There are 2 protein chains.
Amino acid sequence: VTEPRTAWRERGSRETERKPAGERWADILEVSARLFAKQGYTATSLQHIADELGILKGSLYYYITTKDDLLYEVIRGAYLVGIARVDEIAASEGTAVERLRRAIEGHILHLIETITATTVFLHEFDRLSDARREELAALDYTGRLVKLVAAAQEEGSLRADISATLATMSALGSANWIYRWYHEGAATPQQIARDFADIFIRGMSVP
Amino acid sequence: VTEPRTAWRERGSRETERKPAGERWADILEVSARLFAKQGYTATSLQHIADELGILKGSLYYYITTKDDLLYEVIRGAYLVGIARVDEIAASEGTAVERLRRAIEGHILHLIETITATTVFLHEFDRLSDARREELAALDYTGRLVKLVAAAQEEGSLRADISATLATMSALGSANWIYRWYHEGAATPQQIARDFADIFIRGMSVP
């Protein structure tokens, strides 16, 4: 489900507030992400989401079939943007270690900029249906970072006594855990991105 | 609730399998942790837990009042062991940076050794009631690591251009995220602990 099944106006809903289908769909995803992030996916019902939107629960069925559709769309949206960003950085100029540093910084900035959707992604990924979890896992964001780490090891910039996979899980962990503690007024996103990337790259650098 | 309210045998339960109260309580916590870790706290009912134990749901009320009691006991158990370990390491011999390295390695080994309980701790902490969440947060495990990082900065072992708090969140993140990807057959716990601590300490070392 990537597009609403039908234009909102064409259906003659009973809601007083009418919006074009695209806007309404964006609202549904935004409200779903916010409720899933705040109270958890399992504890959030379609009734909660409809109430928060000020529409009838039945109206949600113009857009989706099950609650899993909403979880999938929120996670998929955050994931595809992240993959596009890391692919762009991986294909950009510079040594592998320079691109790796930019990829880690970009990961952290993307996570904080879209923290509601990424919180749902990072916290509720295992609640997806098996087929959808496998579909998204196959896109293999992690594998892209492992390749960058391995390339930086091959060019001699990073130490090779730690496996590229384990090193990547260390970098990803420090970055992903941000959704658990970040709040505005802590360090700035730019500061966090710069410091975390620097600790990792220096920690992995050949002495 | 730290002790069962009454000995199991004294109550004359209808269950066929009789166990001393201490063993039964340990079983209840173990099964609760396993179900919370696997399917999530919200999705797990007291009925599930009783079914898995092969007892009547009503029998659980000899031990607890609400499901939140079980979440609290599982999390508190894992947390108190972690705090005792880090306090012992912080008070041990050696420079601050040596103790910090051992504290990070100890954190990771403890997490993997007790991964079911720590998964519940790390994933479901926010589902605790407000009072209990605040009570446990006040024990301030993170603050102990921040102090070690600050001491290592003061002794001149670690760079001081990154704040002790931010550096600690980076180390904690890479360590805590392990519950999301660890499986037997990946790297050994010892390898993960050594490599992750080394990346962090070298990344924070004064050049």
| said: Going residue by residue through the range A:157-168, is there one that turns out to be part of a loop (DSSP other than H, G, I, E, B), within 16 Å of the chain's Cα centre (by Cα), surrounded by 19 or more Cβ atoms within 10 Å (Cβ to Cβ) and within 14 Å of chain B (Cβ to nearest Cβ)? | reply: no
| request: Give A:A103, A:A131, A:A151, A:A117 a once-over and let me know the one that is out of contact with any helix residue (DSSP H, G or I) (no Cβ under 8 Å at 6 or more places or on another chain) and either among the hydrophobic types (A, V, I, L, M, F, W, C) or buried (at least 19 other Cβ atoms within 10 Å of the Cβ) (or both). | output: A:A131
| note | Apart from one, (1) over 26 Å from A:I178 (Cβ atoms); (2) at pLDDT 95 or above; (3) surrounded by 14 or more Cβ atoms within 10 Å (Cβ to Cβ) all hold for B:S59; the odd one out is (2)
| task | Name, by its number, the condition in (1) touching a helix residue (DSSP H, G or I) at 6+ places or on another chain (Cβ under 8 Å); (2) over 20 Å from B:V149 (Cβ atoms); (3) of a type in the set (G, A, S) that does not hold for B:A43. | result | (1)
| task | Sort through A:G185, A:G203 and tell me the only one that's surrounded by fewer than 20 Cβ atoms within 10 Å (Cβ to Cβ) and of a type outside the set (F, W, Y). | result | A:G185
| message | Can you pull out every residue in the range B:169-182 that is within 7 Å of chain A (Cβ to nearest Cβ) and surrounded by fewer than 19 Cβ atoms within 10 Å (Cβ to Cβ)? | response | B:W181
| What tally of residues in the range B:169-187 results from selecting those that are free of Cβ contacts under 8 Å to residues at least 12 places away in the same chain, part of a loop (DSSP other than H, G, I, E, B) and on the phi < 0 side of the Ramachandran plot? | 5
| request: Check the range A:130-148 and report whether any residue there is facing chain B (nearest Cβ under 8 Å), in a helix (DSSP H, G or I) and out of contact with any Cys (no Cβ under 7 Å at 6 or more places or on another chain). | output: no
| Can you name the residue in the range A:188-197 that is in contact (Cβ under 8 Å) with a residue 24 or more places away in the chain and within 7 Å of chain B (Cβ to nearest Cβ) and is also surrounded by the fewest Cβ atoms within 10 Å (Cβ to Cβ) among such residues? | A:I192
| task | State the number of residues belonging to the range B:88-105 that are in contact (Cβ under 8 Å) with a residue 24 or more places away in the chain and either small (G, A, S) or within 19 Å of B:A33 (Cα to Cα) (or both). | result | 3
| task | Return the total of residues in the range B:50-100 being of a type in the set (S, T, N, Q) and assigned to a helix (DSSP H, G or I). | result | 1
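The values are calculated or read from the model by the stated rules, or taken from the named source; none is laboratory data. Since the model is a prediction, treat every value here as computed from it, not as a measurement. Virtual Cβ from ideal backbone geometry, glycine too; neighbours counted across all protein chains shown.
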